[in-house]
Amino acid sequence: MITRNLYLQVRKNLKTFPAVAILGPRQVGKTTLVKKISSTIKREKLYLDLEKDKDIRKLADEPEDFLSHYVNDTVIIDEIQRMPRLFVLLRPLIDEKRRAARYIVTGSASPELMKGASESLAGRISYMYLYPINLTELPAKLTIHHHWMRGGFPTALTMRSAAMAHNWMSDFITTYIERDLPFLFDIRFSAQVMKKLWSMMAHWHGNLINLEKFSDSLNVSATTVSRYFDFLEGAFIIHRLPPFFINSKKRILKTPKLFILDSGILHNLLSIDNFKELAGHPAIGASWEGYVMSQVYYCKSQKLSMYFYRTHDGAECDLVLVKGHVVKCCAEIKYSKAPNISRGFYESMKSLKCSAGYVICQTDMVYRNKQGVTFIDLKSFLVNVLPNL
């Protein structure tokens with residue numbers, strides 16, 4: 001079993017909060033993590049899996065009355081987004097007897113898109129996010145190239161053959177489109193349109209979103225495309241990287257970039273089956289940029305926000321990490337061992353008044369150029385730089 005970084009933090013939060021929610025995409029290992037954590041809790045546990053009809057029936061008629069019988073136990077509710085009204089019901093139960101670790105819930109959708117979740121348990125719940133396995137969690141026997149190629153979903157990552165991993169990922173994508181997304185958000189859409197959207201996203205990966213082009217290709221409105229992106233981001237499939245704004249007279253691009261978070265999903269959608277194919281594919285640069293972005297996204301503190309920066313007069317930076325209103329770091333992402341840095345990157349650092357510049361690349365050693373920019377490999381950045389920002 002791969003040890004997840006979130007394990008110790010969840011246990012810590014369970015000593016303080018009455019409820020802890022572990023959120024993340026489906027098949028990412030939430031249930032496995034919860035079962036491991038629950039084994040350390042020294043009180044009776046009730047486990048409810050809302051993907052099972054028998055457990056749904058227990059909560060169907062009088063859920064508040066049913067749960068009131070377990071006031072001294074730890075209640076674990078798996079896939080709570082299937083009954084979002086439970087968030088409202090848990091509030092009086094918690095207030096009646098406020099003690100730590102009364103409820104552990106998991107969900108496959110962001111709280112913003114689960115009706116009642118974001119406001120009902122304010123101050124009573126700790127939201128934590130379990131993403132696909134990141135580079136710092138990777139077992140020593142697996143290489144970064146393997147991780148980049150397969151992505152971080154545990155099953156795909158650890159399968160013996162590339163063909164088996166590809167088939168699993170294909171089934172995963174199909175199931176997400178045809179079953180999970182409609183159920184997660186109670187929406188109806190054409191599976192054919194959604195499949196085409198996912199394919200388009202793979203070819204658009206790392207580029208500025210153009211809603212009109214998606215709209216024209218899919219024959220739906222731009223508003224509908226935007227709503228689909230909301231759902232996919234709420235299900236932790238994509239991330240729309242926003243541009244960073246400063247008080248400046250320069251014309252700054254205002255459109256976000258589109259990234260598919262898991263590199264294994266991206267490569268499956270592009271029909272790239274192994275690293276040899278990836279190495280010769282035109283999308284390798286965009287794939288590497290997205291892989292780096294996702295690893296930083298998974299590993300960063302929630303106090304850090306991620307942006308890119310680009311102006312119409314040539315200043316450009318792939319990644320800007322900000323804490324509050326303070327720019328902590330500017331980074332370029334290059335698939336090269338010794339990349340050349342454009343003047344636009346230095347212009348960005350100057351405009352953003354940032355002295356911490358990094359180039360995340362394939363280098364075998366960490367070094368600094370005469371302009372003070374550090375060239376660094378991804379794992380060193382995640383382990384040695386990111387926690388200190």
Starting from the Cα-Cα distance between Ile341 and Val88, subtract it from 0.36 nm times their residue separation and give me the gain in nm to one decimal. 85.9 nm
The extension gain from Ser271 to Glu178, computed as 0.36 nm times the residue separation minus the Cα-Cα distance, is 31.5 nm
What does the highest-first list of 22-33, 215-226 look like by mean Cβ count within 10 Å? 22-33, 215-226
Measure off 7 Å from each Cα along the Cα-to-Cβ vector at Ser217 and Arg98, then give the distance between these two points in nanometres to one decimal. 5.1
With 0.36 nm assigned to each residue of separation and the Cα-Cα distance removed, Thr32 to Asp73 gains 12.8 nm
Give me the one-decimal nm value for the distance between modelled label points at Leu389 and Arg368, 7 Å along each residue's Cα-to-Cβ direction. 1.8
Going by how many other Cβ atoms sit within 10 Å of their own, how do His239, His203 line up, fewest first? His203, His239
Divide by every residue of the chain the summed helix terms, -39500 (n - 2.57) for each DSSP H run of at least 4, and state the resulting mean residue ellipticity at 222 nm, rounded to the nearest 500 deg cm²/dmol. -11000 deg cm²/dmol
Give me Ser348, Ser161 ranked fewest to most by other Cβ atoms within 10 Å of their Cβ, as a rough exposure proxy. Ser161, Ser348
Mind checking which aspartates and glutamates have their Cα closer than 19 Å to the Cα of Lys196? Skip sequence neighbours fewer than 8 apart in that chain. Asp171, Glu178, Asp180, Glu212, Asp216, Asp230, Glu233, Asp262
Return one number: the angle in degrees, 0 to 90 and rounded to the nearest 10, between the long axis of the Cα atoms of helix 162-175 and the longest principal axis of the Cα atoms of the chain. 60
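Every number in this text was worked out from the coordinates using simple rules, so none of it is lab data. Only a predicted model underlies this, so the values are computations on that prediction, with no experimental measurement involved. Cβ: placed from backbone, ideal geometry, glycine included. Neighbour counts: every protein chain shown.
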